[in-house]
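Note sheet for the following structure.
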2 protein chains.
Amino acid sequence: MDLTATTSDLANAAAEAVRLLPGRTLDPVLAGLLLTADGDAVVLAGSDRERAVRLSCSAAVHTAGRVLVPAKPLAETLRALDVPMVRLAVEGARLAVRTPNARFALPLLDADLHPGVPSAPPLAGSVDGELFVSALTTVAATASRDEALPLFTGVRVRADGDRLVLAATDRYRMAIASLPWTPGPHALDALIPAALLAEVAKQARGSVALHVDENRVGLAWGQSVVTTALLDGSFLSESKIALSDVDTHVELDADTLVAAVRRVALYADARGVLRVEVGDNEIRLRSADQQAGEAEESVKADVSGGRTSPSFQSRFLIDALKPFSGRRVHLAIQPGMRATVFSSADPGEVMDLRYMVAPMRPPAT
Amino acid sequence: MDLTATTSDLANAAAEAVRLLPGRTLDPVLAGLLLTADGDAVVLAGSDRERAVRLSCSAAVHTAGRVLVPAKPLAETLRALDVPMVRLAVEGARLAVRTPNARFALPLLDADLHPGVPSAPPLAGSVDGELFVSALTTVAATASRDEALPLFTGVRVRADGDRLVLAATDRYRMAIASLPWTPGPHALDALIPAALLAEVAKQARGSVALHVDENRVGLAWGQSVVTTALLDGSFLSESKIALSDVDTHVELDADTLVAAVRRVALYADARGVLRVEVGDNEIRLRSADQQAGEAEESVKADVSGGRTSPSFQSRFLIDALKPFSGRRVHLAIQPGMRATVFSSADPGEVMDLRYMVAPMRPPAT
């Protein structure tokens, strides 16, 4: 193998591959990146058996070939270079990364031991990258990180006509986003690991295509494809969530509320709980802790209906408000231990996002 | 106590006090900040018995008084506020931090249990804050962090006529800075904890006055004074360092060399060592590791004298080059296991900085 490529393109491709692969593996072969140079491109591919990535980068290929090298050292070397072009060439048992003044030689691993990288399953449809990333940023973060309950570590991704619906919950809160979807030939209703989607949210650009079969899902954008095994289990249906008891409506500026929550939360008890007291033209946040003291702050709000005043964990409240930054947020509050629903106060948004947070017992005072 | 102050001034003073106090203490009284409101200012003071700080902030004092409150919660509350003015008032067993829409109530601690905050010892002289900070940034970072050898955790600060000389070593490298000094009535030759000086380097502005007696040293700038106990022990004299064997001189751009070191260090052995091969018009950095592979990169340089080619730990090399960023650096290299001296290639600089690094055995190849 012998090729010349634009340093930044190749460095970006290698960095993206490293970030999309889990990197927990101790097996050096699975921690390797397969480079295949052919035609006018080099393909970077890797797999830890569960997840697989494949990225293409244009290159002037002097000699075609296929090698396996340690992924992270390759990515770090490419990232550290400050010259416009870089040459990759097999030299004996090494892959040499060459620039005019320098040579970095990575050991070659045995490519025949690599399990290979599966191709993507059939196309299910595609979605606007920017909206998808925005939805994932909120929804994937709402899934649980507790591997002991794999069901809750996934995001349910479901195509419904010309809408794509994403939902995740860790049982204390739930986020549901619905966004425009260009349907393809295959149906889509899959439980996808949230950790991968959170990583995709950092990288995807342009249009994102979703591919699916019974066992695997693939996400493709630009020159990148990542596939992963689906999670088992049937996720609770997001359409069954009862909101029939909403008796209190509050509308206010999301950023103002987040700032007040951050301040009042400094005085919250060990559970981190603060109370949202609903008044006539304001809400009043309250916290109290035997050690820390107590705090209260009022924020102007439009209030209608009742005066039901729930308490929440402050970090869940902040997570629920963040997606509505720069806008007014609507709180639909239910009495008792039923969830409060956060949504945009503007009904005309392209992406419909609802964020539900379960209430907590109020702080002692 | 009851006062009104500019939020940002008071928040900055509280934040500075918290950063200058070690904060490791479990005693809530020592983790407290004494606020004394009187005249047209509030004084914030704290001490963990070893270190002590005192900062003044102008305020409209409605009722004079003195209280002790938890330092970090006060600083965090003030930092989180987004209104221009804040009121601090004792209300029962609380200090209330009040803004038009909010009230945060901190518990009062028993001020009578506080050991008090000693005043600064007599003045030794003063130094330009910007130069002092620049010198400390390099010198304090060179001291050891190993508390088992307290001698090496200090910076020797010595007044010598109209120069202030700062020196620190962790036995593997040594930094010596000399800068202009306005001498005062008292002599100065003290071993000051590097950890405090590193913190001072982040905060000091304007002119910095140094105060000293047999047991304590004080640093004062603006409305801030911090004092600390001196370290015991006599530090090796920085004037005794033999440079008689220098046989090789290299001069080159510091930033270019740092960038190359970072790249080649990716292939360094477990010790992190790379070799600096001195050639005719360049130096060539080399590293090799059984696992990682090997790397080499050449950097243009002016070379005179011999061709002595030492090896260094890459992180020490980077630390030695950083202070010369944006300029050309001079390496005075000695054969055998004697130190290499890094200094500015420009002899006319106001601050004279020399950085010595001990060589290592070369990497195996």
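We did not get these values from a lab; they are worked out from the coordinates using the rules stated. Because the structure is a prediction, the values reported are computed rather than measured. Methodologically, a virtual Cβ is constructed for each residue, glycine included, from the backbone with ideal geometry; neighbour enumeration extends over all protein chains shown.
Please work out the Cα center distance from region B:81-136 to region B:292-344, rounded to the nearest Å. Their Cα centres are 45 Å away from one another.
For chain A, excluding the exposed loop sites themselves (trypsin sites (Lys or Arg not before Pro), DSSP loop, at most 15 other Cβ atoms within 10 Å), the longest remaining stretch covers A:50-144.
Less than 5 angstrom separates the built amide H of A:ALA301 from those of A:GLU282, A:ILE283, all sequence-distant by 5 or more or on a different chain.
For region A:2-113, taking Cα atoms only, Rg and Dmax work out to 12.7, 40 Å respectively. Look at the stretch A:62-73: the mean tally of other chain Cβ atoms within 10 Å of its residues' Cβ atoms is 1. Amide H to amide H, with H built 1.01 Å from N, B:ASP269 comes under 5 Å of B:ALA288, counting only residues 5 or more places away or on other chains. Principal-axis analysis of the Cα atoms of chain A puts helix A:129-142 at an angle of about 60° to the longest axis. Over region B:312-358, the alpha carbon radius of gyration divided by the compact-protein estimate 2.2 N^0.38 Å works out to 1.13. Would you please give the FRET efficiency between B:THR137 and A:VAL350, computed as 1/(1 + (r/R0)^6) with r the Cβ-Cβ distance and R0 = 41 Å, to the nearest 0.05? E(calc), rounded to 0.05, equals 0.25. The amide H of A:LEU230, built 1.01 Å from its N in the peptide plane, has A:ARG216, A:VAL217 as neighbours under 5 Å, considering only residues 5 or more places off or on other chains.
Which value in Å is the Kirkwood Rh of region A:67-106 over different Cα pairs? Walk me through the numbers on the way to the answer.
Working: mean 1/r = 0.0962 Å⁻¹.
Answer for region A:67-106: a Kirkwood hydrodynamic radius of 10.4 Å.
Among A:LEU219, A:LEU266, A:LEU196, the largest mean-square fluctuation in a Gaussian network model of chain A (Cα springs under 10 Å) belongs to A:LEU266.
Taking the square roots of 5 times each eigenvalue of the Cα gyration tensor of the protein assembly as shown, largest first, gives ellipsoid semi-axes of 50, 47, 18 Å. So what's the net charge close to B:ALA201: Lys and Arg +1, Asp and Glu -1, counting the other residues with Cβ under 12 Å from its Cβ? With Lys, Arg at +1 and Asp, Glu at -1, the neighbours total +1. Each residue of region A:181-191 is assigned a 3J(HN,Hα), and the resulting list reads 9, 9, x, x, x, 10, 5, 9, 7, 9, 9 Hz, derived from the Karplus form 6.51 cos²θ - 1.76 cosθ + 1.60 (θ = phi - 60°), x at Gly and Pro.
Summary value for region A:1-117: 33 percent relative contact order, contacts being C-alpha pairs under 8 angstrom separated by 6+ residues.
Between helix B:7-20 and chain B, what is the angle of the helix's C-alpha long axis to the longest principal axis, kept within 0 to 90° and rounded to the nearest 10? So the helix axis and the longest Cα principal axis differ by about 60 degrees. Against the compact-protein benchmark of 2.2 N^0.38 Å, the Cα-based radius of gyration of region A:41-105 scales to 1.17. Once the Cα atoms are used to define both axes, helix B:194-203 deviates from the longest principal axis of chain B by about 70 degrees.
Each residue of region A:345-361 is assigned a 3J(HN,Hα), and the resulting list reads 6, 9, x, x, 6, 4, 9, 9, 10, 10, 10, 10, 10, 6, x, 10, 4 Hz, derived from the Karplus form 6.51 cos²θ - 1.76 cosθ + 1.60 (θ = phi - 60°), x at Gly and Pro.
Per residue of peptide A:297-303, the mean number of Cβ atoms on other chains within 10 Å of the residue Cβ is 2. Taking springs between alpha-carbon atoms closer than 10 angstrom, which of A:LEU210, A:LEU243, A:LEU113 fluctuates most in the Gaussian network model of chain A? The residue with the greatest mean-square fluctuation here is A:LEU113.
Using only the Cα atoms of region A:123-239, what semi-axes does the equivalent ellipsoid have when each is the square root of 5 times a gyration tensor eigenvalue? Give whole Å, largest first. Don't skip to the answer; put the middle values down first.
Working: eigenvalues 80, 42, 40 Å².
So the equivalent ellipsoid measures 20, 15, 14 Å along its semi-axes.
Any idea how far apart B:ASP146 and B:ARG66 come out in nm if each label point goes 7 Å out from Cα toward Cβ? Computed distance between label sites B:ASP146 and B:ARG66 equals 4.4 nm. If you run the Gaussian network model on chain A, springs between alpha carbon atoms under 10 Å, then out of A:PRO193, A:PRO115, A:PRO323 the most flexible one is A:PRO115.
Between B:SER304 and B:ARG205, the simple spin-label model (points 7 angstrom out along Cα→Cβ) gives 4.3 nm. Per q in 0.14 1/Å, what log10 I(q)/I(0) does a Debye calculation on the alpha-carbon atoms of region A:247-357 return? Reported log10 I(q)/I(0), two decimals: -0.50. Checked against a 28 Å cut-off, the cross-linked pairs A:LYS202/B:LYS322; B:LYS72/B:LYS202; A:LYS300/A:LYS322; A:LYS300/B:LYS202; B:LYS72/B:LYS322; A:LYS322/B:LYS72 give Cα-Cα distances beyond that limit for A:LYS202/B:LYS322; A:LYS300/B:LYS202; B:LYS72/B:LYS322.
In chain A, the convex hull through the Cα atoms has an average projected area of 21.5 nm², a quarter of its surface area.
So what is the 222 nm mean residue ellipticity for chain A from helices alone, if each DSSP H run of at least 4 adds -39500 (n - 2.57) and you divide by all residues, rounding to the nearest 500 deg cm²/dmol? Display every interim value, and only then the final one.
Working: 6 runs with 68 residues, N = 365.
Calculated at 222 nm, the ellipticity per residue is -5500 deg cm²/dmol.
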